[in-house]
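The structure under discussion appears below in the form of structure tokens.
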Amino acid sequence: MRGSRRKVLKAGAALAAASALPGKAFAQAGPVKIGMSMPQTGSLGAGGQAALVALRLWVDDVNQRGGLLNRKVELIAYDDQTNPANVPGIYTKLLDVDKVDLLIAPYGTVPTAPIMPMVKQRNLLLMGNFSFQVNAKVQHDMWFNNSPWNDASSWSDGFVKAGQEAGAKSIAFLAADQEFAQNLANGARELSKKANIKAVYDQNYPPTTTDFSSLIRGIRAARPDMVFVMSYPNDSVAIIRAVNEIGVGSSVQVFGGGMVGLQFTPIMTSLGSLLNGVLNYNSYVPGMKYPGIEDFLSRYAKRAADAKVDPLGFYLPPFNYAIGQMLEQAVNATKSLEHRRLAEYLRKNEMKTVVGPIRYDKMGEWANPRVVQAQFRGVADKDTEQFRQAGKQVVIYPEEYKTGNVITPFEKARSAK
Amino acid sequence: MIFSFDLLFEAVLFGVLLGCFYAAVSIGLSVSFGLLDVPHVAHPAIMILGSYCTYIVSGWGLDPILSGIVLMPAFFVLGVLIYRFYYETFERRGTEAAVRGLAFFFGLAFIIEVGLILAFGVDQRTVQAPYIGSSLALGDYRIPYRMLVAFGVALVLTAALTLYLSKTFTGRAIKAVAQDEPALRLMGANPVRIKQWAFGIATGVSALAGAMLIIVGPVEPAMDRVYIGRTFCVVVLAGLGSMTGTLAAGLILGIAESIVLMMLGASWAPAVAFGLLLIVLGIRPQGLFGR
């Protein structure tokens with residue numbers, strides 16, 4: 001009996017010693033809670049889940065480094081189902097029930113828009129997550145977006161310029177009838193007007209549209225020189241397919257611009273060669289060099305395989321990891337979780353992240369935007385790994401990242417290698 | 001607004017194809033809700049389940065449409081089991097239970113959606129077939145083959161179900177149970193077994209409709225929500241339980257939507273579809289082909 005008790009005590013001591021080995025010792029004050037809602041289902045779910053993998057990677061990394069203020073970091077994320085109606089309730093719960101210390105916005109403009117008045121009213125720091133102009137009207141001074149764009153021109157300029165270089169005189173707009181696409185469309189309309197490019201087709205479509213053949217026929221009938229599409233992931237796939245089947249017309253020089261989803265690996269793989277020729281925005285494409293990005297992507301890829309999400313993770317994940325890095329820098333520098341102090345630090349200092357240095361303007365958007373417009377070329381069917389190569393998305397804009405010239409017209413670009 | 005007769009013709013032509021697609025995704029509901037009065041809001045979710053099963057089976061090298069046909073018996077059994085559960089727990093307890101049944105079917109839809117997310121993730125899934133991504137060129141017109149497949153499936157399903165319901169004993173019994181259940185019971189038939197059989201057919205048909213759905217476009221687990229309004233609209237517009245009416249209602253909706261999309265603006269399309277439903281119900285509350 002005595003022998004067995006000794007064995008149990010030994011085993012218990014060994015277990016306690018083993019559990020103490022790999023982790024860090026944290027202070028008794030409880031974890032630093034970071035809360036967010038994230039689209040994990042619905043049309044933005046694929047992107048949202050990949051982004052969460054990156055954020056959790058940062059949480060593990062920061063905890064390995066001793067956490068924030070010597071306290072363990074805990075991420076609380078709820079699924080908003082890409083439904084903006086769910087988002088205010090989730091943030092109320094995060095603040096009033098979960099008592100989170102810091103907030104990150106959900107991925108996307110549409111889910112973020114409903115909480116902007118609330119965070120402004122409560123004077124809260126909110127780290128934006130790939131929203132577009134969501135703070136333009138609210139003007140909250142504690143908002144910091146991780147996306148590499150600021151105003152409409154930062155997004156659309158490269159696309160309009162590519163069209164101008166091809167001698168485009170007319171443009172067709174096709175935009176989803178929701179916040180993000182409408183914000184982008186309004187800016188793009190102004191830009192094209194300034195560039196003396198006439199709008200010959202301008203349609204908004206409801207989010208429930210299932211087939212785009214009729215709209216593509218309408219665009220073809222209008223014979224535009226450029227087609228600027230602002231769509232969400234499911235729509236983007238349907239639009240690309242309809243263009244492939246019906247044709248958009250020989251007059252079109254450039255096609256694409258603001259199609260969300262064409263950056264997600266599963267969508268790129270499933271569309272394959274249908275993507276060729278499309279000139280579309282992106283946040284990161286292989287070949288862009290930032291300190292730490294390659295290490296991040298290789299570590300992300302391992303976790304993404306287990307989580308069955310975007311295996312490459314070029315679009316959202318590095319920028320979500322960057323949110324964590326920015327919070328870490330701000331908390332460590334100010335030694336505080338006070339939102340006002342953190343916001344002040346973020347506004348005044350350059351942040352070092354895996355997506356390069358970030359400095360903020362007074363609206364909390366990037367002072368030096370880095371949206372790339374890249375043309376898909378030589379993409380083959382059913383091959384995910386090909387997208388790791390630099391030449392599959394040729395960067396047309398901006399100049400500092402340019403890897404080639406745009407091929408026009410669109411029909412010719414579709415067969416270009 | 002762009003107008004030309006060529007464009008109008010194209011809009012009508014494509015509206016016919018789109019309408020047939022709407023009819024094909026609604027025809028199962030026309031049996032379960034239209035004939036059996038079961039508030040089957042999980043119909044689109046079962047269709048999406050059919051799409052994912054098609055994705056798996058076609059991955060073994062089988063054509064997607066054939067995969068849908070192969071899946072029909074399994075879905076028939078699934079339908080029988082679902083109805084049996086619904087009957088035992090809700091329907092046999094009276095009319096108020098039917099309202100609670102609505103919650104049951106919402107729950108079922110939710111379980112299917114979450115189950116698909118757990119099994120497949122939230123990414124879109126597509127299938128490959130020679131008729132996906134290519135189109136038939138007729139002069140200046142190009143008609144996507146995938147929509148022609150939807151057209152064919154809708155016609156075959158409508159014809160098969162119409163013949164089955166009018167020419168076979170069980171089919172006539174299904175129609176009878178929809179019209180007068182006590183009378184059917186007096187004739188010595190068991191209405192519950194008939195309804196169970198009919199619900200099985202409706203669910204089996206959903207497997208083929210699901211196959212067609214993944215042929216027409218990529219699917220993701222939450223896509224059922226897009227189709228709830230549209231499928232119920234088609235069934236109610238048709239007049240509950242009419243198979244040919246479902247095809248006609250699908251065509252009306254498809255043509256109206258296509259013309260509005262191309263000529264007036266996409267934002268008006270849902271308003272026109274549901275406005276049409278309101279007008280028809282105002283004039284004929286029993287629907288276009290209802291008695």
In terms of the alpha carbon gyration tensor, root eigenvalues a ≥ b ≥ c, rounded if a/c is under 1.5 and otherwise prolate when a/b exceeds b/c or oblate, the protein assembly as shown is oblate
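So which of A:K348/A:K402; A:K392/A:K412; A:K72/A:K302 end up more than 22 Å apart, counting from Cα to Cα?
A:K348/A:K402; A:K72/A:K302
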Computed about the Cα centre, the charge dipole of chain A from +1 Lys/Arg and -1 Asp/Glu charges at the Cβ has a magnitude in debye, to the nearest 20, of 1300 debye
Volume per residue (Å³) of the convex hull spanned by the alpha carbons of chain B is 137 Å³
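Return the average number of partner chain Cβ atoms within 10 angstrom of each residue Cβ along peptide B:254-262. Mind dumping the intermediate values first?
On the way: counts 1, 0, 0, 4, 4, 1, 1, 11, 8.
For this peptide, the per-residue mean of nearby foreign Cβ atoms is 3.
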The aspartates and glutamates whose Cα lies under 18 Å from the Cα of B:K175, excluding any fewer than 8 residues away in the same chain, are B:D37
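Determine the relative contact order of chain A: mean sequence separation of Cα pairs under 8 Å and six or more apart, normalised by residue count, in whole percent. Before the final figure, lay out the partial values.
Values: 848 pairs, mean separation 71.7, N = 417.
It comes to 17 percent, rounded to a whole number.
Antiparallel as a % of all DSSP beta bridges within chain A, to the nearest 5?
Working: 13 of 47 bridges.
Among the beta bridges of chain A, antiparallel pairing accounts for roughly 30 percent.
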Measuring from the longest principal axis of the C-alpha atoms of chain A, the long axis of helix A:339-348 (C-alpha) lies at a number of degrees, nearest 10, equal to 50 degrees
Chain A, Gaussian network, Cα under 10 Å: of A:G256, A:G272, A:G30, the residue fluctuating most is A:G30
Taking every alpha carbon pair in segment A:173-330 and sorting the distances into 5 angstrom bins from 0 up to the bin holding the longest one, the percent per bin comes out as 1, 8, 16, 19, 17, 14, 10, 8, 5, 2, 0
Computed about the Cα centre, the charge dipole of segment B:1-111 from +1 Lys/Arg and -1 Asp/Glu charges at the Cβ has a magnitude in debye, to the nearest 20, of 420 debye
Placing each pseudo-label 7 Å from Cα in the direction of the beta carbon, B:R185 and A:A416 end up separated by a distance in nanometres of 7.4 nm
Given Cβ charges of +1 for Lys and Arg and -1 for Asp and Glu, the option among A:P117, A:F144, A:L262 whose Cα lies farthest towards the positive end of the dipole of chain A is A:F144
Tilt, helix B:243-259 to longest principal axis of chain B (alpha-carbon atoms), in degrees rounded to tens, equals 30 degrees
From the cross-link list A:K161/A:K289; A:K99/A:K352; A:K161/A:K193, the entries with a Cα-Cα span beyond 20 Å are A:K161/A:K289; A:K99/A:K352
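Within a 10 angstrom radius of the beta carbon, how do A:Y281, A:Y345 rank from fewest other beta carbons to most?
Values: A:Y281 25, A:Y345 18.
Lowest to highest Cβ neighbour count: A:Y345, A:Y281.
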Of the convex hull drawn through the C-alpha atoms of segment A:314-408, the volume per residue in Å³ is 122 Å³
The relative contact order of segment B:1-104, taking Cα pairs under 8 Å that sit 6 or more residues apart, comes to a percentage of 19 percent
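Where a number appears in this text, it was derived from the coordinates with a stated rule and is not lab data. Computed from a prediction, not measured in an experiment: that's the story for all the values here. Every residue, glycine as well, gets a Cβ built from its backbone with ideal geometry; the counts of neighbours run over all protein chains shown.
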